[in-house]
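Student: Here you go, one structure.
The values are calculated or read from the model by the stated rules, or taken from the named source; none is laboratory data. Because the structure is a prediction, the values reported are computed rather than measured. As a convention, Cβ positions derive from the backbone with ideal geometry for all residues, glycine included, and neighbour counts pool all protein chains shown.
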Amino acid sequence: MTIDGAFRVMATITTDTANAACAAQGLSSELGARLAELLTCAVLVRETTQPTRRVQLVWRDHHGGVMVADSLPDGKSRGIANPGKPQQVEAVGDHLLQVNYTLPNGSLHQGVVSIPAESDLSTALMQYMHTSEQTVSMVAIGAAPGHGAAAIRQVGGYLIQVLPEATGEGLAALSAKLGDMPAIDVLLTEAGADPRVIIARLLEGFPYAELAASELAFGCTCSEARIILGILSLGAEEVASMEAGDPLEVRCDACGTRYVIEPSSIRAMRELRARDAEPS
């Protein structure tokens, strides 16, 4: 944040996280770049609004294709391309950006903005921040497709939040600074793996202090217990059939982890839940 309290800046490099997510989804470079940008958006929204909450971004095309990016409170992120649907997500064209997270009172916040074919996620995120979070922000996000095994060569971005203490003179100086900045792909190349380089370029001439730093990684919330609890939410007859049948092979849509669920494990979890539900 600038010392005068006028601007708050978040910058992130998400290359390793994005490549791990793209590898788990088996995405090509073009579509992988879109998922990488969406993951970067999710990280910036979480860090900007409330780092201790889970933020989910959904990117929809006009033919039913969906990509989902989750940024979790522990710094892990994951992405899914078209879960449970046979068609491919369209990498270009008109899209919708949906931002979801849970408010302190337990209600669900949901904001939706359109992304016209000639626009991009950076512009959509700026629009979202203005309409749903009531903050003026400048955003730049970019992903460079990779070659070979790596779907993404580099991806990252920044968000500058204008705070109430900002003056007209300060805004004019920042606008002039941004007008002279190189494109985001050039900034990312200069930064390498260090987002502090981006912040230093953005706030050159503005005294500032670093308030916090967060580690990022690819990760998932899946577990055998979560899968079994999902199975127990099915109908009683279906659960009984699984308990009497062969082991189930289940693959997590987000991270690709494969689980073998034994019938005995389903039975044990069901009995445990039944005991917990009994009055004491």
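Student: What about Gly75, is it at positive phi, surrounded by 15 or more Cβ atoms within 10 Å (Cβ to Cβ) and not hydrophobic (A, V, I, L, M, F, W, C)?
Tutor: So Gly75 fits the description; yes.
Student: For the range 125-138, state whether one or more residues are in the same structural domain as Cys22 (by TED's automatic domain parsing) and within 17 Å of Thr15 (Cβ to Cβ).
Tutor: No, because not a single residue in the range 125-138 is in the same structural domain as Cys22 (by TED's automatic domain parsing) and within 17 Å of Thr15 (Cβ to Cβ).
Student: Name the one entry in Ala23, Ala11 that is of a type in the set (A, V, I, L, M, F, W, C), touching a Gly at 6+ places or on another chain (Cβ under 9 Å), part of a helix (DSSP H, G or I) and over 20 Å from His109 (Cβ atoms).
Tutor: From the options Ala23, Ala11, the qualifying one is Ala23.
Student: I've got another one for you. For the subset of the range 129-152 comprising residues that are in contact with a Gly (Cβ under 7 Å, 6 or more places away or on another chain), in contact (Cβ under 8 Å) with a residue 40 or more places away in the chain and small (Gly, Ala, Ser), which member is nearest to Ala21 (Cα to Cα)?
Tutor: Of everything passing the filter in the range 129-152, Ala151 is nearest to Ala21 (Cα to Cα).
Student: Right, here's the next one. Of the residues Leu234, Leu248, Leu229, only one is surrounded by fewer than 17 Cβ atoms within 10 Å (Cβ to Cβ), in contact with a strand residue (DSSP E or B) (Cβ under 9 Å, 6 or more places away or on another chain) and not assigned by TED's automatic domain parsing to the domain that holds Ala176; which?
Tutor: Leu248
Student: One residue is enough: does the range 148-169 have a residue meeting the conditions assigned by TED's automatic domain parsing to the domain that holds Ile199, basic (Lys, Arg) and in a strand (DSSP E or B)? Don't jump to the end; show me each part of the working.
Tutor: Filtering the range 148-169 down to residues assigned by TED's automatic domain parsing to the domain that holds Ile199 leaves 148-169.
Subset that is basic (Lys, Arg): 153.
Among the residues that remain, those that are also in a strand (DSSP E or B) are: 153.
So far as the range 148-169 goes, yes, one or more of its residues are assigned by TED's automatic domain parsing to the domain that holds Ile199, basic (Lys, Arg) and in a strand (DSSP E or B).
Student: What number of residues within the range 193-225 are surrounded by 10 or more Cβ atoms within 10 Å (Cβ to Cβ), in contact (Cβ under 8 Å) with a residue 60 or more places away in the chain and part of a loop (DSSP other than H, G, I, E, B)?
Tutor: 9
Student: If you don't mind, there's one more thing I want to ask. Could you tell me which numbered condition Thr131 fails, if it satisfies all but one of (1) within 19 Å of Leu96 (Cβ to Cβ); (2) surrounded by 13 or more Cβ atoms within 10 Å (Cβ to Cβ)?
Tutor: Of the numbered conditions (1) within 19 Å of Leu96 (Cβ to Cβ); (2) surrounded by 13 or more Cβ atoms within 10 Å (Cβ to Cβ), the odd one out for Thr131 is (2).
Student: So which residues in the range 115-128 are touching a residue at least 24 places away in the same chain (Cβ under 8 Å) and either within 15 Å of Pro164 (Cβ to Cβ) or polar (S, T, N, Q) (or both), if there are any at all?
Tutor: Listed by number, the list holds a single entry, Ser122.
Student: Could you say which residue among Val68, Val89, Val9 is under 14 Å from the mean Cα position of the chain (by Cα) and of a type outside the set (Gly, Ala, Ser)?
Tutor: Of the residues listed, the single one that is under 14 Å from the mean Cα position of the chain (by Cα) and of a type outside the set (Gly, Ala, Ser) is Val68.
Student: Please indicate, with yes or no, whether at least one residue in the range 54-71 is buried (at least 18 other Cβ atoms within 10 Å of the Cβ) and in a helix (DSSP H, G or I).
Tutor: Checked against the condition, which is being buried (at least 18 other Cβ atoms within 10 Å of the Cβ) and in a helix (DSSP H, G or I), the range 54-71 yields no hits at all.
Student: Return the total of residues in the range 237-251 being under 11 Å from Pro263 (Cα atoms) and part of a helix (DSSP H, G or I).
Tutor: 6
Student: Assigned by TED's automatic domain parsing to the domain that holds Arg54, at pLDDT 95 or above and under 30 Å from Gly170 (Cβ atoms), is that true of Glu210?
Tutor: yes
Student: Do you know which residues across the range 124-147 are part of a strand (DSSP E or B) and hydroxyl-bearing (Ser, Thr, Tyr)? Explain how you work it out, then say what you get.
Tutor: First pass over the range 124-147, keeping only residues part of a strand (DSSP E or B): 136-145.
Scanning the range 124-147 gives a single hit, Ser137.
Student: Oh, and also: From the list Gly156, Gly75, Gly93, exactly one residue is in contact (Cβ under 8 Å) with a residue 24 or more places away in the chain and in contact with a helix residue (DSSP H, G or I) (Cβ under 8 Å, 6 or more places away or on another chain). Which is it? Steps first, please.
Tutor: Values: Gly75 fails: in contact with a helix residue (DSSP H, G or I) (Cβ under 8 Å, 6 or more places away or on another chain); Gly93 fails: in contact with a helix residue (DSSP H, G or I) (Cβ under 8 Å, 6 or more places away or on another chain).
Going through Gly156, Gly75, Gly93 in turn, the sole match is Gly156.
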